[in-house]
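Here the structure is laid out as structure tokens; the discussion comes afterwards.
The values are calculated or read from the model by the stated rules, or taken from the named source; none is laboratory data. Bear in mind that the values here come from a model prediction, so they are computed numbers and not experimental data. Here the Cβ is made from the backbone with ideal geometry for all residues, glycine too, and neighbour counts use every protein chain on show. Accessible surface is based on the protein model in full, side chains and every heavy atom, while ligands, DNA and RNA are left aside. Shrake-Rupley method; radii C 1.70, N 1.55, O 1.52, S 1.80 Å.
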Amino acid sequence: MAVYKYEIIDPNGKHKKGTIDANDEMTARQTLKTDGSTLVSIGMAGALDKEVDIHFGAPVKPKELAVFCNMFKSILAAGVTIIEALGMLAEQTENKRFRAVIEEVHDDVQKGETLSGAFAKHPKFFPEMMVQMANAGEASGSLEISFGRLSTHFEKDAHLKALIAKSLVYPIILICVIVGVVIIMMTVIVPQFTSTFDEVGATLPGITLAVMGISNFIVNYWWIGLIVIAAIVAFLVSFKKTERGALLFGKIQLHAPLFGNLTIKSASARFCRTLSTLIASGMALVEAIHITAKIMSNEVVKRAMYKAEEDVTQGFPLSVPLMEAEVFPIMVPQMVKIGEETGSLEEMLGKIADYYDEEVEIATEALVAAMEPLIIIVMAGTVVPIILAVLMPMFSLYSAIG
């Protein structure tokens, strides 16, 4: 399949340039003219004409989905058709990969495909929750309301992830500083003193000999350390992808000192927010629980959700399996039970989500505050022994000379 660069004038009179993949030039011409565009020029694309899109991580972020849903809601509220709305959104989207997908969705809908069906063809860009909400909106004729709820959901999700990322920035920076300081001391400073001590021939303390040995290993056999670290990282990544590994890492996340509390509260907020949004769209509780389980990142929480789905299918209230799972704080199943008894489960879940959103912010601030002195202590515990290893023989030499 070849790549062709083109220049067209679309049906709205706008001038566009780009590239297109096609088996031959004739096919490319026909594809470009499908929506009524006027072809100005077309030719084989050179290496410099082809768009290179280097992308790391998820193809589209929750914040981008929030903006997409909010704009879609506003455009639909103005009386614009879905097809026109998709065309407008594609033009205003900066993410090239996401823009291309929106254009494909636009073409599919224009050909008669439902919006939810077009979304479903791109699961990496449109999560199942979004597909189901669009489907519910189409069925009930309230697509605008569905996208409004999705916008709120993705905004909250993006805010939650930003808070968690914020809590990790400071510790990571300090850890990098510690590692950098230790490497400089062990590869530059300690070797200089080592040569001095060898010339003098003095008897060295055990701590000095140990530090000198470590320094010598780092300077001469650093590549072995890199291989060992790479092997450990590769093993952990592979192990985490297994069922046992995912479960073990999930348990560690929930019970880890300092971080465990934040993980539990963020999982509670995400669970309640997602389930509330899905139920509000008119989705059945069992199906809503299933979709919520799929988007939970922690394996322990995910399994608890699937167990809850089974129990609810058998006729148990949702609060019962949530209580038995002992994954979420006790407040979650208790409030869910009240919501079930009063017939206001959707509203109650929303309130729980709002509460834990605030709790995540408090937990994040507490985590950062607790990490500062802890990392300083770790830094002191790492650097001070190296300094002592250098200074102790020097003091002994000075005393001997005196």
**Item:** region 142-177 versus region 311-356: alpha-carbon centroid distance in Å
**Value:** 24 Å
**Request:** Take residue 344, project a point 7 Å from its Cα along the Cβ direction, then tell me which residues of region 254-288 have their backbone nitrogen under 17 Å from it.
**Result:** 276-277, 280
**Item:** the chain, accessible area per residue, ligands and nucleic acids excluded (1.4 Å, Å²)
**Value:** 55 Å²
**Message:** If you fit an axis through the alpha-carbon atoms of helix 143-184 and take the longest principal axis of the Cα set of the chain, what angle between them do you get, 0 to 90°, nearest 10?
**Reply:** 20 degrees
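Determine the gain in length on full extension of the stretch residue 365-residue 331; use 0.36 nm per residue of separation and subtract their C-alpha separation, reporting nm with one decimal.
Numbers: separation 34, 0.36 × 34 = 12.24 nm, distance 2.18 nm.
Residue separation times 0.36 nm, minus the Cα-Cα distance, leaves 10.1 nm.
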**Message:** Output the 0 to 90 degree angle, nearest 10, between the alpha-carbon long axis of helix 243-255 and the longest principal axis computed from the alpha carbons of the chain.
**Reply:** 70 degrees
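Could you state the orientation-averaged shadow area of the convex hull built on the Cα atoms of region 140-184, in nm² to one decimal? Show your work: numbers first, answer last.
Numbers: hull surface 15.4 nm².
Averaged projected hull area, Cα only: 3.8 nm².
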**Asked** For the charge dipole of the chain, defined by +1 on Lys and Arg C-beta atoms and -1 on Asp and Glu C-beta atoms about the Cα centroid, which residue among 225, 110, 80 has the Cα displaced farthest towards the positive pole?
**Response** 225
**Fill in**
With Cα springs under 10 Å, the Gaussian network model of the chain assigns the largest mean-square fluctuation among 36, 315, 381 to 36
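Please give the per residue volume of the convex hull enclosing the alpha carbon atoms of the chain, rounded to a whole number of Å³.
With only Cα atoms used, the chain gives 213 Å³ per residue.
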**Message:** Give me the extension gain from residue 7 to residue 192: residue separation times 0.36 nm, minus the current Cα-Cα distance, reported in nm with one decimal.
**Reply:** 60.1 nm
**Item:** Label-point separation in nm, residue 29 to residue 165, each point 7 Å along Cα→Cβ
**Value:** 4.7 nm
**Request:** Go ahead and set up a Gaussian network model of the chain, Cα springs under 10 Å, then flag whichever of 44, 305, 71 fluctuates most.
**Result:** 44
**Fill in**
If one compares the long axis through the Cα atoms of helix 96-110 with the longest principal axis of the Cα atoms of the chain, the angle in degrees, nearest 10, works out at 20 degrees
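Using the Kirkwood radius over Cα pairs, work out the Stokes-Einstein diffusion coefficient for region 27-186 at 37 °C and 0.692 mPa s, in µm²/s as a whole number.
Details: Rh = 18.5 Å.
So the translational diffusion coefficient is about 177 µm²/s.
Give me the number: length gained by fully extending residue 376 to residue 183, i.e. 0.36 nm times residue separation minus the C-alpha to C-alpha distance, one decimal in nm. Walk me through the numbers before you get to the answer.
Details: separation 193, 0.36 × 193 = 69.48 nm, distance 1.73 nm.
Taking 0.36 nm per residue and subtracting the Cα distance, the gain is 67.8 nm.
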**Item:** Paramagnetic reach from residue 83 in region 109-124 [backbone N under 17 Å; point 7 Å along Cα→Cβ]
**Value:** 109-119
**Fill in**
Non-local residues with an amide H under 5 Å from the amide H of residue 40, with H modelled 1.01 Å from N and Pro and chain starts lacking one, are 7, 8, 9
**Asked** For the chain, which whole percent of the accessible surface, found with a 1.4 angstrom probe, sits on carbon and sulfur atoms?
**Response** 62 percent
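Cα-based Rg of region 299-370 per 2.2 N^0.38 Å, rounded to two decimals? All intermediate terms of the calculation are to be shown ahead of the outcome.
Values: Rg = 13.9 Å, N = 72, 2.2 N^0.38 = 11.2 Å.
Here the answer is 1.24, to two decimals.
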